[in-house]
Amino acid sequence: MTCLGIYDLIIIGGGPGGLTAGIYAMRAALKTVLVEMGAPGGQVNLSDSVENWPGDEHIGGSELSMRMYSHAQSYGLETRSDEVVAIEPGLDFHTVRLAGGECLQGHAVILATGGSPRKLEIPGEKELYGKGVSYCAVCDGFFFRNKTVAVVGGGDSAIEESLYLAKLAKQVHIVHRREQLRAGALLQQRAKAECKIEFVWNSVVTAIKADANGVCAVDLKNVQNGETRQLATDGIFIFIGFVPNDRLVPAGIRRNPEGYVITDEKCATTIPGIYVIGDLREKYARQIVVAAADGCTAALAAAHYVEARKAAQECELPESMKTSWAH
Ligand code: NAP
């Protein structure tokens, strides 16, 4: 296995948390690399408009991502476009294995891999993905101009994306399993005032149907009275929350029953030198601003940790071998 470099800090994931960690790490003079296999920004890229990033009343998700990325690059942050397949904790260094068989080594690692859309796990969902089933209105909404779509979910994502779809589609049916939305009050008000949006309360989608052109209907079940019916629709957008991308979390790190990593206030895990930030970390609010705050906290904590490790290692060396640590 070829080791491509030894770093003070390796950041895995280039969303708002990872990029903020990169900014703070570079400002703390840590030799840092950020590894990301997709475009910088992560899930934020899928947002048409971000309205709660302080300082910007409205900003496109991809624009915000690019601004964070440019900001991190202005400090000379090294970035690698690569897939990480494993993190192996070690005593002196943690090893980050890459898909090509090489590895990186770091005193500290910040894991910022976020989450992925939760699936309904119903007949038709997998088979019709890309043929009318979607998890991203900004990516696929364009294909549904003047058509009818169904949206599943009652959280911020479902409502925000429904408002976006209402600008393009003829009609948006929001199918929600309860009679109250989970989304914030402002989004609820806007959705209820949008004449193209119709709510289908107390209902779940049990199957997705297709004809030769792709999705053509969904089967609905009313969870209160058990009644079933079919709703004609050209597409279905599913926003029922996220599941943490926890594949890389090393064994031995404490997680909650849903897979989110439990950290302390420094975003430190139960393995020294490994930090978890953003949507992968157990927390109250999954917001861009919170992910960014996590990135700041973890980078500052990692800087302190790396400095202490180096000082300890220096003390262990015989006098003749003591040098300043070169980056
Ligand atoms: P969420 O808040 O967890 O909401 C998920 C919704 O899907 C809930 O309404 C839930 O119903 C429903 N649901 C879950 N599993 C379901 C199932 N199997 N079948 C049918 N319905 C199901 O997820 P989210 O909207 O993706 O938001 C994730 C996080 O990101 C939240 O913390 C949210 O505040 C944040 N976020 C914020 C913004 C913003 O501030 N602008 C935008 C997007 C996301 P119940 O309500 O009955 O549980």
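Quick look at the numbers
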item	result
Residues (away from the ligand (no atom under 16 Å from the Cβ) and not in a loop (DSSP other than H, G, I, E, B)) located in the range 241-260	Arg255
Only one of Lys167, Lys147 that is farther than 20 Å from Val50 by Cα, surrounded by fewer than 22 Cβ atoms within 10 Å (Cβ to Cβ) and basic (Lys, Arg)	Lys147
Scan of the range 150-161 for residues that are more than 6 Å from the ligand (Cβ to nearest atom) and within 13 Å of Asp48 (Cα to Cα), ordered by number	Ile159, Glu161
Evaluation of Gln43 against (1) without any contact (Cβ under 8 Å) to a residue 40 or more places away in the chain; (2) surrounded by fewer than 24 Cβ atoms within 10 Å (Cβ to Cβ) (one fails), failing number	(1)
Condition check for Ser81: among the polar types (S, T, N, Q) and touching a helix residue (DSSP H, G or I) at 6+ places or on another chain (Cβ under 9 Å)	no
Residues of the range 289-327 classified as modelled with pLDDT under 95, touching a strand residue (DSSP E or B) at 6+ places or on another chain (Cβ under 8 Å) and in a helix (DSSP H, G or I), total	2
The range 170-225: number of residues that are over 15 Å from Glu127 (Cβ atoms) and either crowded, with 19+ Cβ neighbours inside 10 Å or more than 14 Å from the ligand (Cβ to nearest atom) (or both)	22
Considering residues of the range 97-119 that are more than 16 Å from the ligand (Cβ to nearest atom) and touching a helix residue (DSSP H, G or I) at 6+ places or on another chain (Cβ under 7 Å) only, the residue nearest to Leu280 (Cα to Cα)	Leu111
Gly60 surrounded by fewer than 16 Cβ atoms within 10 Å (Cβ to Cβ), free of Cβ contacts under 8 Å to residues at least 60 places away in the same chain and either touching a Lys or Arg at 6+ places or on another chain (Cβ under 6 Å) or not charged (D, E, K, R) (or both)	no
Among (1) within 16 Å of the ligand (Cβ to nearest atom); (2) over 30 Å from Ala25 (Cβ atoms); (3) hydrophobic (A, V, I, L, M, F, W, C) - the single one Phe144 does not satisfy	(1)
Hey, Val138 β-branched (Val, Ile, Thr) and either away from the ligand (no atom under 16 Å from the Cβ) or free of Cβ contacts under 8 Å to residues at least 40 places away in the same chain (or both) or not	no
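To keep it simple, each residue is scored yes or no on (1) in contact (Cβ under 8 Å) with a residue 60 or more places away in the chain; (2) in contact with a His (Cβ under 9 Å, 6 or more places away or on another chain).
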{"position": "Val151", "(1), (2)": "yes, yes"}
{"position": "Asp156", "(1), (2)": "no, no"}
{"position": "Tyr164", "(1), (2)": "yes, no"}
{"position": "His173", "(1), (2)": "yes, no"}
{"position": "Arg177", "(1), (2)": "no, no"}
{"position": "Ala185", "(1), (2)": "no, no"}
{"position": "Ile208", "(1), (2)": "yes, no"}
{"position": "Gly214", "(1), (2)": "yes, no"}
{"position": "Gln224", "(1), (2)": "no, no"}
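The values are calculated or read from the model by the stated rules, or taken from the named source; none is laboratory data. Quick caveat: nothing in here was measured; it's all calculated off a predicted structure. Here the Cβ is made from the backbone with ideal geometry for all residues, glycine too, and neighbour counts use every protein chain on show.
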